[in-house]
Amino acid sequence: MAKRRRQGIVRWIESLIKSNPDSHLAGHIRSKITWNKVFRVVSYTKSSLWIIPFIAIPLEQIAIRVTHALDAWLLWPLWHRGMQAAETTLQTIITLNLSFMVFTFGSLLVAIQVASGQMTPRIIATTLLRDNVVRYSVGLFVFTLMFAVSTLSRTEKEVLQLPLLVAGLLGIFSITVFLYLIDYASKLLRPVSVAVHIGKMGLAVIDSVYPQETRVPTAPATPAVSDHTLDHLSIVGRLGAKALSVIKSVYSHEIQGPTAPAPPDRGLGLPERTVFHRDEGEIILAVNLDALVDEAEAAEGIIEFVPHVGDFIGVGEPLFLLYGGAAAIDDRKLLACVAFGPERTMEQDPTFAFRILVDIGLKALSPAINDPTTAVLVIDQLHRLLRMAGLRHLHDDTLRDNAGRPRLIFRTPNWEDFVHLTFTEIRHCGAGQVQIARRLRAVIENLIYTLPEHRHPALWIELDLLTRMIEQHYTLPEDKALASIPDTQGLGGLRIRQVPTEKRG
């Protein structure tokens with residue numbers, strides 16, 4: 001949705017430029033307004049707290065003139081206050097809104113410091129500064145303050161009754177909004193609220209990057225090993241053997257050494273030309289895929305985007321590899337399709353939500369904080385995101401035109417990337433916590449049961465790794481058995497599926 005809105009803004013600006021009769025001026029403006037510049041402006045606007053309060057100032061100037069004209073035209077008969085009462089009311093409204101703004105910004109700065117210290121600094125730009133309740137509340141305070149000041153400055157010889165009434169209503173509304181903001185901010189900064197908010201944003205990003213459902217039927221499938229049943233999943237003694245058998249069947253060859261995976265051979269040969277990054281080192285925020293596909297189709301060639309969204313790219317590193325007729329495409333057109341920035345955002349980065357949630361979980365599991373319950377809440381949201389990713393078609397690297405011909409090679413995270421990001425670090429830091437071990441097992445078992453069969457091998461590997469880490473962390477057999485029970489609450493209801501081993505008479 002955000003991508004479509006941004007493209008609509010670019011098309012609207014281009015239509016305005018084309019309507020300009022001065023073709024030279026229109027061409028100059030068109031060369032300056034590019035997709036990546038519009039992207040940066042929109043992203044900056046979304047994450048800036050001062051934009052809405054600044055817009056409130058010209059809106060107030062319009063409102064005070066409209067109410068002033070209506071007051072002179074209507075000779076407002078429903079509200080009559082003397083000069084002294086009007087000045088006292090307006091000065092009180094001014095003082096209240098000044099106090100509201102000072103308290104809001106002061107509290108926000110303290111909240112940002114505390115939240116970034118206890119959770120992660122990455123929630124500042126993604127959660128706090130982008131929250132519309134905080135932004136519009138501050139905008140209301142600025143609007144009310146300026147409206148009261150303008151009304152007071154016009155109250156010299158006579159009282160403007162209608163503007164005074166509007167200022168009074170705005171003052172009452174500001175008090176109500178301020179009280180609501182206190183309650184809202186206290187709930188917003190709770191770890192569960194931050195985790196849920198990041199989870200919702202992550203679901204939206206996964207839905208936009210991977211819009212199609214998985215091509216394999218999503219009905220629960222029987223595991224590859226014939227003697228696996230759902231009840232066997234909770235039997236720790238059999239779990240390791242079953243997981244190992246799946247690992248051996250999927251990965252039959254032993255590793256020979258630390259070798260990097262080779263890139264897939266697409267039969268393209270050597271690129272005709274390479275486009276390098278020219279500016280300072282930055283992080284790739286988003287790519288205009290539709291524009292790149294159109295450029296490659298028009299040139300009858302193939303464009304390969306070398307890095308991933310979210311990667312840091314330095315000066316002189318390869319950005320595009322051009323094959324066939326794509327070698328004739330102007331570098332400026334290609335570079336205009338890539339947006340850079342100082343830190344990652346969620347527009348086209350499906351793993352960034354996972355990264356933020358994992359960071360919050362790791363901070364909660366650190367010895368300084370030691371809050372495994374918060375880590376369990378984070379795993380709840382990771383569970384939602386990973387199931388969503390497992391049910392989506394994580395498309396291949398090649399994007400095609402309408403005729404089905406390959407036009408753009410654009411790499412996105414695959415299923416194993418999501419699984420590793422979800423479990424590896426939390427398992428290393430939290431396997432020694434009973435809550436974390438039980439919650440992780442519940443996540444893996446639930447995903448094995450609910451996701452298609454082709455998602456199972458990576459999950460079985462994680463289940464085996466978790467079992468082996470529990471074996472290392474817990475020396476007492478009672479603790480080991482307790483930590484090996486799947487529990488959606490971490491350490492909540494004890495629901496063990498009993499499997500009879502012998503007939504009792």
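The values are calculated or read from the model by the stated rules, or taken from the named source; none is laboratory data. This structure is a prediction, so every number in the text was calculated from the model and none was measured. When we count neighbours, we look across all protein chains shown, and the Cβ atoms used for this are built from the backbone with ideal geometry, even at glycine. All accessible areas refer to the heavy atoms of the entire protein, side chains included, with ligands and DNA or RNA removed. Shrake-Rupley method; radii C 1.70, N 1.55, O 1.52, S 1.80 Å.
Compute, for the stretch 346-505, the length of the dipole vector about the Cα centre, with Cβ point charges of +1 (Lys, Arg) and -1 (Asp, Glu) only. Units Debye, rounded to 20. Can you show the working numbers first?
On the way: 20 positive and 20 negative charges, 83 e Å.
Charge dipole, the stretch 346-505, about its Cα centre: 400 debye, nearest 20.
Can you order the peptides 170-183, 286-299 by their average number of other Cβ atoms within 10 Å per residue, highest first?
So the peptides 170-183, 286-299, ranked by packing, come out 286-299, 170-183.
Please report the projected area of the stretch 275-417's Cα convex hull averaged over all directions, in nm².
Projected over every direction and averaged, the Cα hull of the stretch 275-417 covers 10.1 nm².
5 Å is the cut-off here: which amide hydrogens, built 1.01 Å from N in the peptide plane, fall below it relative to Gly301, excluding neighbours closer than 5 in sequence?
Residues meeting the criterion, in which the H sits 1.01 Å from N, are Gly325, Ala326.
Please report the projected area of the stretch 356-505's Cα convex hull averaged over all directions, in nm².
Answer in nm², one decimal: 12.4.
Return the sequence-ordered ³J(HN,Hα) values of the stretch 144-153 in whole Hz as given by the Karplus equation 6.51 cos²θ - 1.76 cosθ + 1.60 applied to θ = phi - 60°, using x for Gly and Pro.
Coupling constants for the stretch 144-153: 5, 4, 5, 5, 5, 5, 5, 5, 5, 5 Hz.
How many Å² of accessible area per residue for the stretch 361-505, probe 1.4 Å?
46 Å²
Starting at the first residue of the stretch 451-467, write each ³J(HN,Hα) from the Karplus equation 6.51 cos²θ - 1.76 cosθ + 1.60 with θ = phi - 60°, in whole Hz, x for Gly and Pro.
My calculation for the stretch 451-467 gives 9, x, 5, 6, 8, 6, x, 5, 6, 5, 4, 5, 5, 5, 4, 5, 4 Hz in order.
What residues qualify as long-range amide H neighbours of Arg344, i.e. H under 5 Å apart, gap of 5 or more or another chain, H built at 1.01 Å from N?
Under 5 Å from the amide H of Arg344: no residue qualifies.
Stretched out fully, how many nm does the piece from Thr88 to Arg278 gain, at 0.36 nm a residue minus the Cα gap?
In short, 62.3 nm is gained.
Amide H neighbours of Thr398 under 5 Å, at least 5 residues apart or on other chains, H built in the peptide plane: list them.
Sorted by chain and number, the residues that satisfy this are Phe410.
What Kirkwood hydrodynamic radius do you get for the stretch 50-192 when you take the inverse of the mean 1/r over all pairs of distinct Cα atoms, in Å?
16.5 Å
How far is it, in nm, from the label point at Leu476 to the one at Arg154 when both lie 7 Å from their Cα along the line to the Cβ?
According to this spin-label approximation, the distance is 7.6 nm.
Given R₀ = 51 Å, FRET efficiency for Arg40-Val66 by Cβ-Cβ distance, to 0.05?
Efficiency computed from Cβ-Cβ geometry: 0.90.
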